[in-house]
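First the structure, in the form of structure tokens, and then the observations on it.
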Amino acid sequence: MSDREGHIGPGSSDDDLSLPKATVAKMISELLPSDVTCAKETRDLVIECCVEFIHLISSEANEICEQESKKTIAPEHIIGALKRLGFDSFTTEVEDVLKDHKQQQKDREKKADKIRDSGLTPEELQAKQEELFALSRAKFAQPQQQQQQLPQPQT
């Protein structure tokens, strides 16, 4: 095991680590039937379990990483840790999520390349954007002006 294991950073402790309570509460409520609620203590217990699970997986992945003389934990190390710890049933879903994530990254890079490869300077791109905003505002304002010009019914 690493000599850094158990140490998060200078001046921090495990008490500092948690997950966003609102996010976890939302996930729990989405998974439960609509007529079932979850007590705050239960939500907090779920959060503690999730944090412990993350510690367990990351520690095991760190060991695998060190055995391979690597300094960065890669997705393959996480998958290996899941297998080592007996969570084989999780690996297929993790691999699917990883594949989706990699595809999303490629799509983002394509969008960035499209802007870079446009041949326009940042100033020209900004001017083009402002022009599009102006066109949109004009298009939006047109129906409102027509409505205001309609004769109002007399009372």
Scanning segment 11-43 residue by residue, those surrounded by 14 or more Cβ atoms within 10 Å (Cβ to Cβ) and charged (D, E, K, R) turn out to be 43
Quick count over segment 117-143, residues being open to solvent by less than 100 Å² (accessible area, probe 1.4 Å), part of a helix (DSSP H, G or I) and at pLDDT below 85, is 2
Only unsatisfied item for residue 76, checking (1) surrounded by 14 or more Cβ atoms within 10 Å (Cβ to Cβ); (2) touching a helix residue (DSSP H, G or I) at 6+ places or on another chain (Cβ under 8 Å), is (2)
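The values are calculated or read from the model by the stated rules, or taken from the named source; none is laboratory data. Everything quoted here is computed from the prediction, not taken from an experiment. FYI the Cβ positions are ideal-geometry reconstructions off the backbone, even for glycines, and counts take in every protein chain you see. Side chains are part of the model used for accessible areas, which takes the heavy atoms of the whole protein and leaves out ligands, DNA and RNA. Shrake-Rupley method; radii C 1.70, N 1.55, O 1.52, S 1.80 Å.
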